[in-house]
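The values are calculated or read from the model by the stated rules, or taken from the named source; none is laboratory data. What you see is a predicted model, and the numbers here were worked out from it, not measured in a lab. When we count neighbours, we look across all protein chains shown, and the Cβ atoms used for this are built from the backbone with ideal geometry, even at glycine. What goes into the accessible areas is simple: the full protein's heavy atoms, side chains included, and nothing from ligands, DNA or RNA. Shrake-Rupley method; radii C 1.70, N 1.55, O 1.52, S 1.80 Å.
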Amino acid sequence: MSLVGIRDMSVIETPPKDRLSIQTNVVKFDAPVIERAIRSELARGGQIYFVHNRVESIFSIGSLLQRLVPEAKMAIGHGQMGEDELERAMLGFVEGKFDILLATTIVENGLDIPNANTIIINRADRYGLAQLYQLRGRVGRSDRAAYAYLLIPPPESLSPVARKRLAAIKEFSDLGSGFRVAALDLEIRGAGNLLGGEQSGHIDTVGFEMYTKLLEETIRELRGEELEEETRSTVNLRIDLKIDPGYIQDMNQRLMVYRKVASSRTEHELTTVLEELRDRYGSPPESVLNLAEFGRLRIKADHLDVDSIDREGRLVVIKFRPNARLDGVRLVKVVSGWPGAVLVPPVSIKLDLEAPLAPKPVAAAKAPSGKGGQGRGKTEPQVSWWTTRATAGEVKPGFTKDEVLRKPDIDPRADGGMFSRLMGLLEALSVQ
């Protein structure tokens, strides 16, 4: 809640006077290591916590400790003991009657015993990061150096998450590192649900991005801040914009690219996304280039207060918002001189993508050869379907009239293609 701004948060990073950081060691379970750790603490008159979070085997660990250090006095404490028995064990340890307190995680919170400055945690790979941090905090409560030993099985048997937790608790051993430990724990385990054990809203329906956007708007509204209405143009061109899985194999990475393109507000942001793609995945395929042009077109449409761009076949309808900041005189002038463009009241433009473009000037036009070719505008004779069928040599199944006469698909990014026509029209309207 603090990270998204719902609650305030203060971080105390200044340790108490003369407090020392706890030296943390991650070691494989080994009897000689345990013996040395206990004897070193006993040699300076201190006490030891030994945490073993399994009641059914805690007495077996107790027998092991007695064999390793026979002279040490030991108390055992766990949650299944009677109230009086547990109280006697804890009070005896506080008063210094026992050298070792063998206990489960009931010692996790609330204990402040300045003379106990060594803690040994068995099977540390089974604990959460925050729990390890709390357990380690039971020692080092005075001006004496404290030690924490995290006992683990052979490293090759650890899970990747356990490796991350142990590496983090070892790295963040400085005083005042609690916030960094909590932030990393959030990253490893996930943030969970904001408002309870189960998500109370419809996040799966509206999507994570929309959910966070609505959440941020609600927070700003509760704070009394003014909300700026942010609306983006809806662009539906009915072309392939999907990123090929062969280009970016990981689905999460593909979704991240979609999100970056969709959230780009400037040409510079979009160019940065493309440069990152080229650097990480190589030259982008056609669909990714189409996606980039789609992003550029949407950015330009946003700047012109376009409400929607919708294509149906060869026709594209551009609708402006009622409050669009448009110069009416310029709108009429640009549309009237644009090939295939028609103004549709009140503020829409219908564009024919197959309308002939204005001829470009050439140095010299060579007349087509053949009888009757001079002075005619046609450079290609019209061939009928019957002629094509008769001269095909072999007529295959599916050799229909529609297939023969169907025009080849035009590259939408080609000169004179869909993107070129739409971008050119929008740029002409944006020039002041």
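Normalised by the residues of the stretch 1-98, what does the relative contact order come to in percent, with Cα pairs under 8 Å and at least six apart?
Contact order relative to length: 20 percent.
For Lys97 and Thr234, calculate 0.36 nm times their separation in residues minus their Cα-Cα distance, and state this gained length in nm to one decimal.
In short, 41.8 nm is gained.
Say each of Asp84 and Leu20 gets a label point 7 Å from the Cα, pointing the same way as Cα to Cβ; how far apart are those two points in nm?
4.2
Using the Cβ atoms and a cut-off under 14 Å, what net charge is assigned to the surroundings of Phe98, where Lys and Arg are +1 and Asp and Glu are -1?
That sum, taken over residues with Cβ under 14 Å, equals -3.
Rounded to the nearest 0.05, what FRET efficiency is calculated for Asn109 and Lys242 with R0 set to 56 Å and r the Cβ-Cβ distance?
Approximately 0.60, to the nearest 0.05.
Could you calculate the contour length gain from Ala167 to Arg39, that is, 0.36 nm times the residue separation minus the distance between their Cα atoms, to one decimal place in nm?
Value of the extension gain: 43.4 nm.
When ranked by the protection proxy of mean other Cβ atoms within 10 Å per residue, highest first, what sequence do the peptides 76-83, 301-308 form?
301-308, 76-83
For Phe320, what is the net charge nearby, where nearby means another residue's Cβ is under 15 Å from its Cβ and Lys, Arg count +1, Asp, Glu -1? Each step should come with its number before you reach the end.
Details: positive: Arg232, Arg298, Lys300, Lys319, Arg321, Arg325, Arg330, Lys350; negative: Asp302, Asp305, Asp307, Asp310, Asp327.
Taking every other residue near Phe320 into account, the sum is +3.
From largest accessible area down, sort Arg67, Arg165, Arg136; use a 1.4 Å probe on the protein chains.
Putting Arg67, Arg165, Arg136 in descending order of accessible area: Arg67, Arg165, Arg136.
Given the stretch 52-141, report the % of alpha carbon pairs whose separation exceeds 23 Å.
19
How many angstrom separate the Cα center of the stretch 317-334 from the Cα center of the stretch 212-261?
27
Put a dot 7 Å past each Cα toward the Cβ at Arg54 and Ala414; how far apart are the dots in nm?
With each label placed 7 Å out from Cα toward Cβ, I get 7.1 nm.
Under a point spin-label approximation (7 Å from Cα along Cα-to-Cβ), what is the Ala31-Glu217 distance to one decimal in nm?
Using points 7 Å along Cα→Cβ, the separation is 6.8 nm.
Set the bar at 26 Å for Cα to Cα. Now go through Lys213/Lys260; Lys242/Lys333; Lys164/Lys213; Lys300/Lys350; Lys213/Lys242; Lys17/Lys170 and name every pair that lies beyond it.
Where the Cα-Cα span goes over 26 Å, the pairs concerned are Lys242/Lys333; Lys164/Lys213.
So if I take the centroid of the Cα atoms in the stretch 42-114 and the same for the stretch 126-148, what is the distance between those two points in Å?
16
Within the set of other residues whose C-beta is less than 12 Å from the C-beta of Leu151, count the net charge using Lys and Arg as +1 and Asp and Glu as -1.
Every neighbour counted, the sum reads +1.
Would any residue of the stretch 21-45 have its amide N under 16 Å from a label point 7 Å out along Cα→Cβ of Arg144? List them or say none.
Under cut-off, by backbone N: 21-23, 37-45.
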